[in-house]
1. So how many residues does segment 191-214 have that are within 28 Å of Gly23 (Cβ to Cβ) and not in a helix (DSSP H, G or I)?
2. Just for segment 149-190: of the residues that are polar (S, T, N, Q), within 22 Å of Gly134 (Cβ to Cβ) and surrounded by fewer than 18 Cβ atoms within 10 Å (Cβ to Cβ), which one is modelled with the lowest pLDDT?
3. Of all residues in segment 5-18, which are open to solvent by 10 Å² or more (accessible area, probe 1.4 Å), outside any loop (DSSP other than H, G, I, E, B) and more than 18 Å from Ala173 (Cα to Cα)?
4. Anything in segment 239-260 that is modelled with pLDDT under 90 and among the aromatic types (Phe, Trp, Tyr)? List them, or say none.
5. If you scan segment 52-99, which residues turn out to be among the acidic types (Asp, Glu) and touching a residue at least 40 places away in the same chain (Cβ under 8 Å)?
Amino acid sequence: MSSNASNLLEEALGIGGGRTIGGRVVLVEDCVETSGAFVLHHLMKRVLSLESRGTLLLLALAHPFSHYDRILRKMGCNLSSQRESNRLHFLDMLRLEFPGQIDGETKEVGFQELFSKLQTAIEVISERGNNNGGITIMIDDISMLEIAAHGCLDQILDFLHYCITLTSEYGCALVILSHGDIYSSDEATGLLSSLEYLADIVVKTEPLATGLAADVHGQLTVLNRGSSQGQGYSMNKFRNFHFKLKENGAEYFYPGSIKT
């Protein structure tokens with residue numbers, strides 16, 4: 001497989017060659033049949049690579065540190081050493097829960113405290129000058145935040161809007177994992193629509209239209225919306241390609257190009 005094919009995801013995201021996703025919002029939207037976690041893992045490794053020299057702030061609502069550490073080690077990235085060198089800031093939110101039998105004002109205070117933790121961490125990173133490759137905030141995953149907040153969707157959106165201000169104030173990237181097939185109510189579906197509207201880049205993982213295949217695990221569609229860069233303007237770009245999951249990562253290729 002060619003090196004170009006293996007970098008299809010990064011090309012679709014517009015990163016590589018010194019470019020980053022700094023200042024942009026990336027939504028990874030998956031479903032039960034095709035988890036999008038591998039996209040997060042790819043971006044984690046990319047941000048922490050020697051080439052990127054970035055800093056990752058991981059808001060972990062779904063898994064403990066050991067989960068990510070085990071997966072990234074197989075991909076050649078040692079999260080423990082990255083944590084010790086302050087390039088990875090791991091916010092363990094597994095036990096996060098806003099009290100259920102309280103008014104909306106108290107829950108709002110809870111979200112403000114969570115945002116304050118993120119902002120403080122970013123300020124510390126900036127003061128240390130340890131962000132030459134930019135800061136990436138990653139939320140894994142937004143559905144767990146909904147559970148912790150007992151379905152207060154308006155306040156979740158307010159929290160995300162606050163996070164988005166960090167992308168402009170500090171040039172951070174914001175990466176969010178969401179599950180596209182768990183919403184049934186109109187209100188919850190509205191949250192997903194809002195996320196898609198707010199995102200500069202939308203990455204969707206989906207099963208193959210033809211069903212299961214031994215050498216292909218699903219397809220990725222990437223919508224990279226245009227952004228102003230200097231005096232120029234980049235147009236919206238839409239990419240669609242297949243992926244195959246491996247123990248040490250994933251391979252990306254156009255339909256029909258994989259070698260059996």
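1. Let us first name the residues in segment 191-214 that are within 28 Å of Gly23 (Cβ to Cβ), namely 191-206.
Now narrow it down to the ones that are not in a helix (DSSP H, G or I): 199-206.
Of the residues in segment 191-214, 8 are within 28 Å of Gly23 (Cβ to Cβ) and not in a helix (DSSP H, G or I).
2. Let us first name the residues in segment 149-190 that are polar (S, T, N, Q), namely 155, 165, 167-168, 178, 184-185, 189.
Imposing the further condition that a residue be within 22 Å of Gly134 (Cβ to Cβ) reduces the set to 165, 167-168.
Then drop every residue that is not surrounded by fewer than 18 Cβ atoms within 10 Å (Cβ to Cβ), which leaves 165, 168.
On the way: Thr165: 91, Ser168: 88.
Filtering first and then ranking leaves Ser168.
3. Listed by number, the residues that qualify are Ala5, Ser6.
4. Tyr254
5. Answer for segment 52-99, where residues must be among the acidic types (Asp, Glu) and touching a residue at least 40 places away in the same chain (Cβ under 8 Å): just Glu97.
The values are calculated or read from the model by the stated rules, or taken from the named source; none is laboratory data. What you see is a predicted model; the values in this text were computed from it and never measured. So basically every Cβ, Gly included, is an ideal-geometry build from the backbone, and we count neighbours across all protein chains shown. Protein only, heavy atoms only, side chains kept; ligands, DNA and RNA dropped before computing areas. Shrake-Rupley method; radii C 1.70, N 1.55, O 1.52, S 1.80 Å.
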